[in-house]
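First comes the structure, then the notes that go with it.
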Amino acid sequence: MTPRTLFEKIWQAHEVVAETAETPAVLYVDLHLVHEVTTPQAFAELESRGLPVRRPDRTLGTLDHSTPTDAAELLGRIPIRDASAAAQVAALERNARAHGIELLGLGDGRRGIVHVIGPELGRTQPGMTIVCGDSHTSTHGAFGTLAFGIGTTEVGHVLATQCLLQRKPRCLAVTIGGRLQAGVGSKDLVLAIVGRLGVGGGTGHVIEYRGEGIRALSMEERMTVCNMSIEAGARAGMIAPDATTFAYLQGRPGAPAGEDWEHAVERWQALPGDAGAAFDGEVSLDAAAVEPMISYGTNPGMVTAVGGSIPEAGDAAFMKALRYMGFEPGERLAGKRVDLVFIGSCTNSRLSDLQAAAAVLRGRKLARGVRMLVVPGSQQVKRAAEAEGLDRVFLAAGAEWRESGCSMCIGMNGDVAASGQYVVSTSNRNFEGRQGAGSRTLLAGPATAAAAAVTGRVTDPRELAA
Amino acid sequence: MDVTATTPIRTIRARTVVLAADDVDTDQIIPARFLTTTRRDGFGDALFADWRFDGEGQPRPGFALNDPQTRGAGVLVAGRNFGCGSSREHAAWALRDYGFRAVVAGSFADIFRNNALKNGLLPVAVPGDALAWLTAHPGVEVTIDLEATTLAAPGLAPAPFPVEPFARYRLLNGIDELGYLLSRSGAIDAYERSRGA
């Protein structure tokens with residue numbers, strides 16, 4: 001038998017009908033995650049055709065995108081301020097009830113960002129296919145799943161048939177040698193990878209991340225890497241499951257237990273790619289050479305080391321991006337003014353991210369004039385952080401400690417920056433206006449973001465290390 | 001095949017408007033603040049909102065869509081990697097709602113391409129020389145022939161563009177994709193039975 005990659009094994013196991021020259025494959029979906037923003041039109045389509053949801057038991061809903069992170073609004077002490085966001089929340093509550101779909105609603109202690117809760121609840125498991133009407137579904141690939149974002153029409157297809165029509169993508173190996181230095185995180189690594197591939201470099205591909213530098217990462221760190229695959233154009237990013245994966249999952253509510261657990265692990269151990277399996281391309285990067293990274297432009301491929309400089313020259317798009325950002329070619333990033341700091345998003349809102357930010361902030365105050373939002377990825381992350389006293393570190397520093405949700409990553413829930421403001425953000429996109437019309441985003445990891453909050457300037461977090 | 005029909009597309013003949021930019025992301029096509037709706041229409045006014053309008057809602061002079069001469073253009077010409085970023089189908093809805101029937105670009109992001117094809121918005125990726133010519137000739141009337149998979153204009157030799165064969169068949173014949181998937185229910189049943197799912 002031809003040696004197969006991790007991706008090929010999962011793809012083949014989910015082909016209901018194999019692809020031909022004329023028709024795409026009918027691909028089975030094991031887990032369909034739904035949220036309030038990209039589903040109302042899909043449910044309406046089913047309703048207009050009189051179709052049921054085929055597998056409500058393989059569908060899990062949460063409220064995160066347009067859901068406010070203000071406790072009073074979230075917990076119903078005051079109405080949700082944005083009436084249209086309130087209508088989206090109400091629509092998903094109604095649709096979930098009507099179709100028997102489990103929804104982690106506003107007051108649910110398990111609610112959170114869709115790509116945080118899936119793994120946290122043990123619903124994301126190796127070997128699965130997972131889709132969601134959100135491009136950062138690639139996050140789940142950290143568990144050795146094939147997980148990718150889809151549009152709303154496709155959400156309707158999955159609701160009605162539990163399947164998608166898909167052409168088989170190509171597979172790109174990203175091999176990470178060496179290990180990250182102390183003070184450098186997995187966000188820095190993935191920013192370096194996106195910088196290397198460019199925003200279109202992974203188009204048409206699934207990325208498999210592998211090598212010593214990946215094996216050494218925790219599950220939360222692996223999720224950060226897979227999360228940003230889409231920023232290089234790849235719909236999915238994957239990492240072969242190993243002992244780290246199994247240790248993370250064991251004992252979680254959605255994970256198999258007892259004898260089923262043993263059988264599951266046995267199955268999962270067969271998932272990693274066979275020796276000699278062929279990829280369509282390979283890119284290699286040395287983790288040990290990665291520095292704390294930050295973006296300077298208006299797409300996630302425009303990155304440099306925090307201690308580095310903006311390139312001296314570029315094309316018209318480069319110049320347009322710098323004009324938007326208010327930067328000059330060749331300028332150093334360190335020392336640039338910062339107005340707002342955001343710790344959160346499906347990229348960096350898990351407990352270890354909050355710990356990394358708190359380690360920098362402990363015993364320090366925000367620089368004068370800087371606003372900082374800390375938004376945990378889920379209500380469970382929030383409680384775990386509070387149990388360690390991280391909330392008190394953030395509050396004592398002068399930051400805001402909010403309820404879980406997408407918050408300033410997407411800026412459609414009331415959490416936005418003003419036009420012209422500079423935001424150092426642990427999220428995934430620095431597109432023009434992403435965090436509010438006219439806002440200017442610098443993407444970075446949690447330690448770099450926290451360091452910027454303390455100094456009010458772009459700062460290498462290693463300079464503040466205790 | 002028991003499928004609900006959609007409107008077939010065979011040929012698109014329309015004038016172009018040129019947005020000479022690479023990596024146009026879906027946050028530019030439709031900013032997130034316009035996504036808090038449960039409808040799939042009415043997005044045309046928000047298309048490229050922050051490029052079209054200033055903070056006071058006034059049209060920005062110099063942006064192609066604000067040029068009165070481009071009114072009624074049915075084909076948008078852009079650069080490489082059009083539609084990157086978010087999976088929001090609202091981007092395809094907004095382009096369609098504004099009146100575009102095709103986007104011509106050097107290449108497309110995967111999710112946007114899928115979303116466009118599901119909404120009767122044709123993603124037309126043409127070779128670099130054809131794109132350069134189109135960029136240099138804004139407002140030209142192009143003919144996009146889905147059957148022949150070529151784009152032509154007076155002065156431009158027909159340029160080939162790729163379309164996934166099933167999407168082409170579906171668009172040419174007005175086949176509804178969900179209807180097609182539902183017609184495979186027997187295979188889906190069998191698959192679920194075979195793995196005890």
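Determine, for A:Asp280, A:Asp415, the number of other Cβ atoms within 10 Å of each Cβ, and report the residues in order from fewest to most.
Values: A:Asp280 13, A:Asp415 23.
Going from sparsest to densest Cβ surroundings: A:Asp280, A:Asp415.
For every other residue with a beta carbon closer than 11 angstrom to the beta carbon of A:Lys320, add +1 if it is Lys or Arg and -1 if Asp or Glu, then tell me the sum.
Every neighbour counted, the sum reads -3.
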* Structure fact -> B:Thr11 and B:Asp145 label points (each 7 Å along its Cα→Cβ direction) are spaced in nm at 0.8
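Which order do B:His90, B:His137 fall in if you start with the one that has the fewest other Cβ atoms within 10 Å? Write out the running numbers ahead of the final one.
On the way: B:His90 29, B:His137 16.
The most exposed by this proxy come first: B:His137, B:His90.
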* How would you rank A:Val341, B:Val142, going from fewest to most other Cβ atoms within 10 Å of each one's own Cβ? -> B:Val142, A:Val341
* So which lysines pass the test for A:Lys336, namely a Cα distance under 26 Å, with those fewer than 8 places away in the same chain ruled out? -> A:Lys187, A:Lys320, A:Lys365
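Can you work out D for region A:282-434 in µm² s⁻¹ from Stokes-Einstein, where Rh is the Kirkwood radius over C-alpha pairs, the temperature is 25 °C and the viscosity is 0.890 mPa s?
Working: Rh = 16.7 Å.
D, rounded to a whole number, is 147 µm²/s.
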* Structure fact -> Once normalised by the length of chain B, the mean sequence separation of its alpha carbon contacts under 8 Å that are 6 or more apart gives a contact order in percent of 28
* Asked: Normalised by the number of residues in region A:6-166, what is the relative contact order in percent for Cα pairs under 8 Å and 6+ residues apart?
  -> 32
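Rounded to the nearest 5, what % of DSSP beta bridges with both residues in the protein assembly as shown are antiparallel?
Details: 26 of 79 bridges.
Of all bridge pairs located within the protein assembly as shown, approximately 35 percent are antiparallel.
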* To do: Run down the lysines and flag those whose C-alpha is under 23 Å from the C-alpha of A:Lys168, throwing out any fewer than 8 positions away in its chain.
  => A:Lys9, B:Lys118
* Asked: What list of whole percents do you get for P(r) of chain A, with Cα-Cα distances grouped in 10 Å bins up to the one holding the largest distance?
  -> 4, 21, 32, 27, 13, 2, 0
* **Averaged over A:143-151, number of beta-carbon atoms from partner chains that fall within 10 Å** => 3
* Asked: Where in region A:192-225 is the amide nitrogen less than 13 Å from a point lying 7 Å along the Cα-to-Cβ axis of A:Arg179?
  -> A:212-218
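For Cα pairs less than 8 Å apart in space and 6+ apart in sequence, what is the mean separation divided by the residue count of chain A, i.e. the relative contact order in percent?
RCO, chain A: 17 percent.
Quick note: the coordinates plus some simple rules give every number you see, no bench work behind them. It should be emphasised that the depicted structure is a prediction, and the values quoted were computed from it without experimental measurement. Note that each Cβ is placed from the backbone with ideal geometry, even for glycine, and that neighbours are counted across all protein chains shown.
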